[in-house]
Structures are given as structure tokens and as C-alpha cells.
1. Which condition number does Phe137 fail, the rest of (1) surrounded by 13 or more Cβ atoms within 10 Å (Cβ to Cβ); (2) out of contact with any Cys (no Cβ under 9 Å at 6 or more places or on another chain) being met?
2. Can you find a residue in segment 71-83 that is at pLDDT 80 or above, polar (S, T, N, Q) and in a loop (DSSP other than H, G, I, E, B)?
3. Among Ile120, Ile64, which is the only one that is closer than 21 Å to Leu243 by Cβ and out of contact with any Leu (no Cβ under 9 Å at 6 or more places or on another chain)?
4. What's the total number of residues in segment 165-181 that are within 17 Å of Cys151 (Cβ to Cβ) and touching a residue at least 40 places away in the same chain (Cβ under 8 Å)?
5. What residue, among those in segment 248-292 that are in a helix (DSSP H, G or I) and acidic (Asp, Glu), is surrounded by the fewest Cβ atoms within 10 Å (Cβ to Cβ)?
6. Please determine, by comparing only the residues of segment 269-307 that are within 15 Å of Ala251 (Cβ to Cβ) and among the hydroxyl-bearing types (Ser, Thr, Tyr), which one is modelled with the lowest pLDDT.
7. All but one of (1) at pLDDT 90 or above; (2) more than 21 Å from Asp249 (Cα to Cα) hold for Gly310; state the number of the condition that does not hold.
8. Answer yes or no as to whether Ser191 is touching an Asp or Glu at 6+ places or on another chain (Cβ under 9 Å), within 24 Å of Lys113 (Cβ to Cβ) and either modelled with pLDDT under 90 or not in a loop (DSSP other than H, G, I, E, B) (or both).
Amino acid sequence: MSATTSMSSSTSPSSASPTPTSPVQDRPKLKRRAPDDKRSVLFDEPGPKARRKIAVANTIAAIIFIVLIVLVLRRLANPPQGQNQLSWSLWDPALNWDAWRDFYLPGLLSTVKASILAVIGSVVFGIIFGIGRLLDFAPIRWLSSIIVEFCRAVPVLLFMIFLWQAFAALGFSDNSAFLAVTWGLILYNGSVVAELVRSGVGNLPHGQREAALALGMSPVRSLMSVEVPQALIAMLPALITQLVVVLKDTALGSIITYTELLQESRRLGSSYFNMLQALVVAAVIYFILSYLLSRVAEGLPSRMQKRTAGFAAEPVQAPIAILDPSNVTMIERAEERELPLSGTEPEFHDHYHGSNAVSGHWRTSHQEHGHEPRQSDSQE
């Protein structure tokens, strides 16, 4: 009796040992994070220690930067020689309406005019010679490659200087600086666009060209009608980024006396002896224009993806009910059937209702189902 009591007490729920759990159940569940397009894929996400180190480094760098700014401002306020550069008497001539009307706006207009013409010419130059480098005709491909590589290798400032002298010698002395700046930017940036076209076509899937050739297109027509349009759409963000380079490279025209924004700012600084203030205003204008173009280049891929992404058609589903109005088309298609032998009705219907191989009268059942024409009793 006591043994029975001890056994029942040992097996009671209160004194039972806890059930061991598997390691899989003890393992904490990991939460899947939503994909983030802005997260870099070049390295793993830093851990707690790495984040603390990064925060400390950023704090030290910010303190050093603030100290340097304070030292520079103190130096400008108390220069060893000359006037206080932070005084309003020097900033007022660089910020008033007369400065904008007589210097900044005319210089900005010349900068924008040269940039627009240079961008249009660069795109035309790049498309022509980019396609020329992709043709199968060897002389055109070699000539295009030589021109593109030469224009990429020569600095744009040298182009401007030589073209300035050449246009002046040809009798275009009034517009020689403007033509030199525009054509120098066209030659240099056009070669960059040509390389973008070539690389854009090279990065397309090979199935694009193969599909075009399978449809009967020639290689040239496939290149012009299928491959190059897709490459141009893909290179639009890089092309807008190159527009920022064109805008900033117009400042090199001040060396050959082209009256663009930098040249006009220098003239303003020489007139009022506030060169630093005038150049700071010009730098801010360049920064605003470049920032706006960069923002356009960043937002262009998402807009292009929204405009070019198509909506997938809904999959065809089986009819739910015979009287469902949404299934009328599918019912009509199901009732349609192709008749063999130019529309002749078959002697027996083509549906098989099961195997009768194990049946004793399998031949008779097979004929009753219509899979063989019934023979007459005389023939049997």
C-alpha cells in the first residue's frame, strides 16, 4: 500500500520534472526586416560596438570642424593686413540688386546658355559616335573609337584654348570665346556620352538582340530600334549627372575671357574690392544649381520605373458556377473544340471514362463507351 502511494506521489503533476525543450524551441525568433533600398550592400550592418565607435568618431570630427570654422571666421574678422572681411560694407555691394542686375544675372544667363547648347550637342555627338562604335563595319567603328578616345584624353581646358585661337583666326573674334567654350564642352562631354551609350547597350540582356534577329531584323535595325532606345532610357540618370559637370566646367571659360558667372563675379570683386564676398555668392549659386540637378537625377529612376512598369494581367480562373456572368467567356471557350479532318464529326467521342482492362467484358464495355465503332453481330 505504501509502495503504491509512493508511486502515485512520484507521478503527480506537482512533483513531475519539467519536460525538456528542444534547442530549436529555446532559440529566439528572429524578426525579418523589411528591405531597405538605401542600405548599403557592400558591408554588413554595424553592431552596437561599431555604432558607438562611429558615433564617437562623428562627434570628434564635428568638434574639429566647428573649431576650424571659428578659427577661419576670427582670421577673417582680424586679418593681419587689410579690412575686416566680415563687415557689412563689403557684403552689401555683393548682395544688393545692382550686383544681381549688372553682374550675377548676365553671367548666370551666359552660363546657362552655354550649358544648354553643350548638353544638346554632347547628346547628339555621343549618340552618333556611340552607335558608330557598335557597328559591325570596321572602318566606321575604328574611326569612332579613335575620335571618342582622343576627346576623352585631352583636357577640356586645352580644347577651349585651341578652339578660341582657331575661331579668332577664322574671323569669329566677337563670339570666339563663346564658341570655344561650347565646342570644347561638346567634344569632351560628348565622348563621355558616347561611352555611356556603348556601355548601356553592352549591359542589355543578350536576349534583346537575339529576339530582334529572330524576328527578321538586321543587326543595324536591331541596334537602332531595340537596343539603343533602351540604353538611352537607362542612361538618363547618368546623363543628368553629366549635366552638372557641364554646368561647372563652364567656369573654365573665364580663362579665355568668356563672360560667364565666375568672370562676372571677378569683375564685381575688382570693382568694389570685395573679391571674397563676390566669389562666395557665385559659389552659392553654383551649389544651388548643382544640387537641384542632382536631386532631379536621384528622383528620375523611380519615376521612370513607375512610368515604364506595366500591370500584370490577372490569371484566368476556372468557372465557379455555370450561371456566373463572369464565366461566360470561359464557358464559350470551353465549348469550342477543334474538329479533325477539316470539320468532320468523329465516329466516336474522344472521352475515356476509365480502364476496363480487368473486366471480363472489356471489349464490349470499351465499345459502349464509344472508343471503338461497334461491330455488327454477323462480323463477330
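The values are calculated or read from the model by the stated rules, or taken from the named source; none is laboratory data. All values derive from a computational prediction rather than experimental measurement. Using ideal geometry, Cβ is built from the backbone for each residue, glycine included, and neighbour counts are taken over all protein chains shown. These accessible areas exclude ligands, DNA and RNA; they are computed on the full protein's heavy atoms, side chains included. Shrake-Rupley method; radii C 1.70, N 1.55, O 1.52, S 1.80 Å.
1. (1)
2. Yes, there is a match, as at least one residue in segment 71-83 is at pLDDT 80 or above, polar (S, T, N, Q) and in a loop (DSSP other than H, G, I, E, B).
3. Matching residue, one of Ile120, Ile64: Ile120.
4. Residues flagged as within 17 Å of Cys151 (Cβ to Cβ) and touching a residue at least 40 places away in the same chain (Cβ under 8 Å) within segment 165-181 amount to 2.
5. Out of the qualifying residues, it is Asp249.
6. Among them, the one singled out is Ser290.
7. The one condition Gly310 does not meet is (1).
8. Yes: the conditions hold for Ser191.
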